[in-house]
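Please read the structure below before turning to the comments.
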Amino acid sequence: MGYLIAFSLILYPVVSNYVNQLHSTTIATDYEQEVSHLSENLENEMIEQAREYNKSLIGISSFIDPFSDTEGIQTEDDVYNNLLKIDDTGMMGYIDIPKLDIVLPVYHGISEKVLQSGVGHLPNTSLPVGGESSHAVLSGHRGLANAKIFTDLNKMEVGDVFYIKVLHHTFAYQVDQILTVLPSETDALQIEKGKDYVTLVTCTPYAVNTHRLLVRGTRIPYEEAKKVDEEVGLHRTIPFYMIILIGGIAAVVIIWIGTKIYSDERRKYVNRKNNGKRICIGIVCVLLVLMPFTVSAGERGSILLKAVAEDDGMVYKLDNTEFTMYQVGSCKNNSWILTPQLQIQAFCLISRIPLLRELRPTNWKSMSGIINWRENQTLPT
């Protein structure tokens, strides 16, 4: 479980970016559907209005830093906000960057809400509808936890291409300049006479954000852009993050299966081991239970010894007396057989009682031993 949690945390940015990219692609698809409902005359009129607006911007040299510490500047200009508007989302089109494998919606303004969900169009710069003497500036964040947006913009190189889709028009641009400047340095965003530019702006260095990265593209024919795509191998294949995602999921599944197999085998081993312990403990318990019976079986019965002196017929009681006992024989087939030693030597019983020590065995009239054994048999005299 710990491995899964750790791996999930590692995969979170990849999965999150993938989900957001799917969301952005869905938004672009929805945009295309909305545009399909527009008549050709209305579309041409909207494009013409946007270009007229762009002409009014020639000569403006004051620009707002899209990543200032403010909450983002919400543009209140109704004329601006209604240009290229097809719904209430504020979306004016979308940008497609094959090199970075991203498709992002482009919205009016640079409010924080806009920059958290897509690319913002910098006010007082040209709308991205192409045309001579125009320079559109599009801003996007880097390093968001839940979306890439322009995180990989630093990977763009001179010669790479990107596309701006507005209504039914697709405008192709090829990167011709990449700059790193201070937020106050905006000369590179100026409109140049006769030029058709789009500049992509983001913060740099990554996570430091003291400067601005400017990636400028100059307009080229769409057919030429597609050829560039093919020449530099920018045509779509499996996205890199998809490879990471698929590989990550596969790794998680493999780790999970391996962990489960190991756990099962470990559980079986522990069970076997525990079963062995249980068996051993059971045997010991049985022995402990049976041991008293075994001991008591060996001690069952009693021994009664009587010694009678031949001289005077006196009987000596043997209370509180210790004896040393020797094996004298064994019982086989209901017959008593003396031991070889006893067959040679006389039976000897040593008593610790001084009186008995003075008695000679030959003076004993009889010595009988009555031993009640398990079968309560009486040993012969």
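Here, each number is a calculation from the coordinates, and none is a lab measurement. These numbers come from a predicted model, not from an experiment. Backbone-built Cβ (ideal geometry, glycine too); neighbour counts: all protein chains shown.
One chain, two ends: S61 and N124. Fully extended at 0.36 nm per residue, the span grows by 21.8 nm beyond their Cα-Cα distance.
What is the order of F63, F171, fewest Cβ neighbours within 10 Å to most? Present the calculation step by step, with values, prior to reporting the outcome.
Details: F63 17, F171 23.
Ordered by Cβ neighbours within 10 Å, fewest first: F63, F171.
Of the GluC sites (Glu not before Pro) found in the range 53-150, the ones in coil according to DSSP and having at most 11 other Cβ atoms within 10 Å of their Cβ are E71, E76.
May I ask which of K55/K155; K85/K193; K148/K260; K113/K226; K193/K226 have a Cα-Cα span longer than 30 Å here? If you can, show how the numbers build up before the last one.
Values: K55/K155 32 Å; K85/K193 27 Å; K148/K260 35 Å; K113/K226 33 Å; K193/K226 27 Å.
With Cα atoms farther than 30 Å apart: K55/K155; K148/K260; K113/K226.
Ranked highest first by the average count of other Cβ atoms within 10 Å around their residues, in what order do 113-120, 180-187, 149-156 fall?
Numbers: 113-120: 22.1, 180-187: 12.9, 149-156: 20.0.
The most tightly packed comes first, giving 113-120, 149-156, 180-187.
Gain on full extension, evaluated as 0.36 nm per residue between K227 and V79 minus their Cα-Cα distance, stands at 49.5 nm.
I'd like to compare 192-201, 95-104, 205-214: which one has the highest average count of other Cβ atoms within 10 Å, and what's the full order after that? Before the final figure, lay out the partial values.
Values: 192-201: 18.3, 95-104: 21.4, 205-214: 14.3.
Sorting 192-201, 95-104, 205-214 by mean packing, highest first, produces 95-104, 192-201, 205-214.
The protection proxy used here, the mean number of other Cβ atoms lying within 10 Å of each residue, ranks peptides 162-170, 77-85, 32-40 as follows, highest first: 162-170, 77-85, 32-40.
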